[in-house]
């Protein structure tokens, strides 16, 4: 009887030991899984809250463009309008709150139309040709109001801008009649820009609503104009550079956008509208009615861009 009881007790002990071992093993596995999730979560937070990050931006757009000269107090206007394809490419690097950005805003300009006065009759003139407007920006500022896991920020900046504007004329059309023409004009404003960009995100579950806005003042200006054309008397192409009289800067721009941000992946896709003006005020060297009238050389674009950004923390 004692032997049977001992065997029964031993069996019960073995069962209890196996059950206890199984429970302990399950608890250990759960604890290990929790630690793994915690470590992963902490790793993601550290990654998102990194002291260094690179934000790459790329966009493609289309919209109207204005180009030419507008006199302030006379009728000597030669403003042309058309449409242009464009690209917006940039990269911003930050270390803690200090940030630097490089950007290129490119516009490909085709045919342009304008109104001109011919012997007292206003006619529509079509200038057929190609051209480019490229703005190279280098900005230094602060990336502020950042939080772990949030792609939002505000970026006040000051920077340098170089904006070569080149237009090549091939044909002129007046009242449906085309004539061959040749001419290449280059104006290259340089100077400071000052502004800010704000990116705000609102969590909506699997993604966040993205709202982007920005404004800048453009103090870049051109001090000379270069014309290339074919001289019939010399039977060759010539290049002439003329100084602009008393140039002053007049430019600005703004942007506003709406889209979606996938903040876990550091990715955003949005549609944004950008208006960008490069202008230089010049004073006429000819006196009219006792004064030297001023006018504006300018090129401005207003486009809708489909833009994608990617944030890469280090």
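The values are calculated or read from the model by the stated rules, or taken from the named source; none is laboratory data. None of the values given here were measured: they were computed from a predicted structure. Cβ placement follows ideal geometry from the backbone for every residue including glycine, while neighbour counts extend to all protein chains displayed.
When the residues of the range 145-154 are narrowed to those that are surrounded by 16 or more Cβ atoms within 10 Å (Cβ to Cβ) and in a strand (DSSP E or B), which ends up farthest from the chain's Cα centre (by Cα)?
150
Suppose we keep only residues that are in a loop (DSSP other than H, G, I, E, B) and at pLDDT 90 or above within the range 87-125. Which one would you say is farthest from residue 197 (Cα to Cα)? Before the answer, list the steps.
In the first step, residues of the range 87-125 are kept if they are in a loop (DSSP other than H, G, I, E, B); the result is 96-97, 119-120.
Still in the list and also at pLDDT 90 or above: 96-97.
Values: 96: 17, 97: 14 Å.
Looking at the filtered set, the residue picked out is 96.
Would you say residue 140 is within 19 Å of the chain's Cα centre (by Cα) and surrounded by 14 or more Cβ atoms within 10 Å (Cβ to Cβ)?
no
Any residue that is assigned to a loop (DSSP other than H, G, I, E, B) and either out of contact with any strand residue (DSSP E or B) (no Cβ under 6 Å at 6 or more places or on another chain) or closer than 22 Å to residue 65 by Cα (or both) - is there at least one of those in the range 126-144? Lay out the reasoning, then the answer.
Initial filter on the range 126-144 (assigned to a loop (DSSP other than H, G, I, E, B)): 143.
Adding the requirement that they be either out of contact with any strand residue (DSSP E or B) (no Cβ under 6 Å at 6 or more places or on another chain) or closer than 22 Å to residue 65 by Cα (or both) leaves none.
Checked against the condition, which is being assigned to a loop (DSSP other than H, G, I, E, B) and either out of contact with any strand residue (DSSP E or B) (no Cβ under 6 Å at 6 or more places or on another chain) or closer than 22 Å to residue 65 by Cα (or both), the range 126-144 yields no hits at all.
A quick yes/no check of all residues on (1) within 16 Å of the chain's Cα centre (by Cα); (2) free of Cβ contacts under 8 Å to residues at least 60 places away in the same chain; (3) under 23 Å from residue 167 (Cβ atoms); (4) in a strand (DSSP E or B):
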position	(1), (2), (3), (4)
271	yes, yes, no, yes
282	no, yes, yes, yes
307	yes, no, no, yes
312	no, no, no, yes
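Determine whether residue 262 is surrounded by 15 or more Cβ atoms within 10 Å (Cβ to Cβ) and touching a residue at least 24 places away in the same chain (Cβ under 8 Å).
no
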